[in-house]
Amino acid sequence: MVVPEQETEAIEFILALGKALHRYGTAANRLEEDIREVSRRLGLKVEVFTTPTTLIMSFGEPAELRTRMERVEAGELDLGKLGDIDDLVIQVARRELTPVEGMTRLQGIIDAPSRYGYFVSTLSHAVTAGSFTVFFGGSPADVATSAMIGLLLGLLAQLMKRSFDQAHVFELVGAAVAAFAAGVTSSLWSAVVPPLVTAASLILLLPGMQLTTAITELATRNLIAGTARLMFAVIVLLQLVVGVFLGERLANAVVDVHQAVPLPIAWWMPWAALVTASLGVTVLLRATPRAFGWILLASLVAYLGTRAGSEWLGKDMGVLIGAFALGVLGNLYSRWLQRPAQVVVVPAMLLLVPGSLGFRAMSSLLGRQTLTGVETMFIMFVVAIAIVAGLLVANAVISPRRA
């Protein structure tokens, strides 16, 4: 039996842990499951409910519940800190650390500076944007232009995230800047394809991960959290589309935008882009350097699995095989190394998530191409559901490590 003082300390630790897991991007189904498991290890009875903006926990017996509601905001994905928190939770759950010691260390993890400096983080925007241009079929000219715009967006992100109000319009402003820069560059360099460059430059702003997480939450019966996250993804897509529309109109008013046709790319470029994209997302998601090899392997498995699945199931459903292979690898990584599967799964999923499809769908609807927009939107949801299905089947075959 837990004495009252120890129970209070354990509850304070659980509350802080829930906020930290929410802050660093844990989906509702995993957060609630992990909190329940850790509470059980500490001798607590808890009921948990979470949404993208709310965290509610009730402790104790049904007749004497003590409830705490926290207003929370989603933070940035930080896989390095998520891994550190996972190690800490294991130590507290095994009683190697007391909840008070756990609270102190947890606060130290949260307060620690970013693993990578401003320069490296900004440069990784350029590397990632240029790499994804290759997957969209871009030529070297498109790659160079996307990298330049990605660097510009990285600088813009560093500036705007310092202000609460500016951070809320970053997607809108960033999309306008990207579209305008792509249009102006095409007038100076005829080989550049503006729509392709714009989409590739905005790849990190597209809410593909939010969309996939929302579908996962809906599939695991976390209906309120999934619906709220899904609507947030739709709003972000609309902001990006409006920003691109404004940027394109401004570019057309200033210069003569050149509409080039994408050129064929060399066979080796996607493989090189796979390596550089893995490196870029490792930095952007703040994973530890030692995880890069695993992230590269996971990206390769997801890429090859999707290509093989496309041959078997078709272009839209092929991601199911890629997601399944990625989920199996992530769960094996978690079991072998006692680390969160998200460390390798989340970066590699950027190759699979359907954010660009949602962007195209919204653009078509805004341009009154209703049938094309609805069709693309339907494909986007099919792809998202296929990814979630692959990951859930992988969890059924090889269950992920629990807290």
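The values are calculated or read from the model by the stated rules, or taken from the named source; none is laboratory data. Bear in mind the structure is a predicted one, so any value in this text is a computation, not a measurement. A quick note on method: Cβ atoms are made from the backbone with ideal geometry, for glycine too, and the neighbour counts reach across all protein chains shown. In case anyone asks, the SASA skips ligands and DNA or RNA and just uses the protein heavy atoms, side chains included. Shrake-Rupley method; radii C 1.70, N 1.55, O 1.52, S 1.80 Å.
Quick one: is residue 232 farther than 25 Å from residue 143 by Cα and aromatic (Phe, Trp, Tyr)?
Answer is yes for this residue.
Inside segment 10-41, can you point out the residues that are open to solvent by less than 50 Å² (accessible area, probe 1.4 Å) and more than 19 Å from residue 71 (Cα to Cα)?
Answer for segment 10-41, where residues must be open to solvent by less than 50 Å² (accessible area, probe 1.4 Å) and more than 19 Å from residue 71 (Cα to Cα): 10, 34, 37, 38, 39.
Name every residue in segment 245-271 that is of a type outside the set (Val, Ile, Thr) and within 16 Å of residue 187 (Cβ to Cβ), in order of residue number.
Once the filter is applied, which keeps residues that are of a type outside the set (Val, Ile, Thr) and within 16 Å of residue 187 (Cβ to Cβ), segment 245-271 yields 247, 248, 249, 250, 251, 252, 253, 256, 258, 259, 260.
Table: residues versus (1) more than 24 Å from residue 34 (Cα to Cα); (2) modelled with pLDDT under 65; (3) of a type outside the set (D, E, K, R); (4) surrounded by fewer than 19 Cβ atoms within 10 Å (Cβ to Cβ).
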{"site": "338", "(1), (2), (3), (4)": "no, no, yes, yes"}
{"site": "350", "(1), (2), (3), (4)": "yes, no, yes, no"}
{"site": "357", "(1), (2), (3), (4)": "yes, no, yes, no"}
{"site": "360", "(1), (2), (3), (4)": "yes, no, no, no"}
{"site": "368", "(1), (2), (3), (4)": "yes, yes, no, yes"}
{"site": "371", "(1), (2), (3), (4)": "yes, no, yes, yes"}
{"site": "374", "(1), (2), (3), (4)": "yes, no, yes, yes"}
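Would you list the helices (runs of 4 or more DSSP H) that sit entirely within segment 194-287 and hold 2 or more residues that are of a type in the set (Ser, Thr, Tyr) and either in contact (Cβ under 8 Å) with a residue 40 or more places away in the chain or touching a Cys at 6+ places or on another chain (Cβ under 6 Å) (or both)?
194-201, 208-219, 269-284
Conditions tested, residue by residue: (1) free of Cβ contacts under 8 Å to residues at least 60 places away in the same chain; (2) out of contact with any helix residue (DSSP H, G or I) (no Cβ under 9 Å at 6 or more places or on another chain); (3) closer than 20 Å to residue 193 by Cβ.
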residue	(1), (2), (3)
99	no, no, no
103	no, no, no
118	yes, no, no
136	no, no, yes
139	no, no, yes
142	no, no, yes
145	yes, no, yes
148	yes, no, yes
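Just for segment 178-197: of the residues that are open to solvent by less than 10 Å² (accessible area, probe 1.4 Å) and out of contact with any Asp or Glu (no Cβ under 8 Å at 6 or more places or on another chain), which one is nearest to residue 256 (Cα to Cα)?
186
Kindly list the number of the only condition in (1) open to solvent by 10 Å² or more (accessible area, probe 1.4 Å); (2) closer than 30 Å to residue 200 by Cα that fails for residue 90.
(2) is the only condition that residue 90 fails.
Being farther than 21 Å from residue 288 by Cβ and of a type in the set (A, V, I, L, M) is the filter here, so list the residues in segment 68-91 that pass it.
Selection gives 69, 72, 74.
When you scan segment 78-85, do you find a residue that is touching a residue at least 12 places away in the same chain (Cβ under 8 Å), touching an Asp or Glu at 6+ places or on another chain (Cβ under 7 Å) and among the β-branched types (Val, Ile, Thr), even just one?
Scanning segment 78-85, I find no residue that is touching a residue at least 12 places away in the same chain (Cβ under 8 Å), touching an Asp or Glu at 6+ places or on another chain (Cβ under 7 Å) and among the β-branched types (Val, Ile, Thr), so the answer is no.
Kindly evaluate residue 47 against the criterion of being more than 30 Å from residue 281 (Cα to Cα), open to solvent by 20 Å² or more (accessible area, probe 1.4 Å), part of a helix (DSSP H, G or I) and at pLDDT 90 or above.
no
How many residues does segment 308-336 contain that are in contact (Cβ under 8 Å) with a residue 12 or more places away in the chain, part of a helix (DSSP H, G or I) and among the charged types (D, E, K, R)?
The total comes to 1.
Only one of (1) within 30 Å of the chain's Cα centre (by Cα); (2) at pLDDT below 90; (3) not hydroxyl-bearing (Ser, Thr, Tyr) fails for residue 81. Which number is that?
Every condition holds for residue 81 apart from (2).
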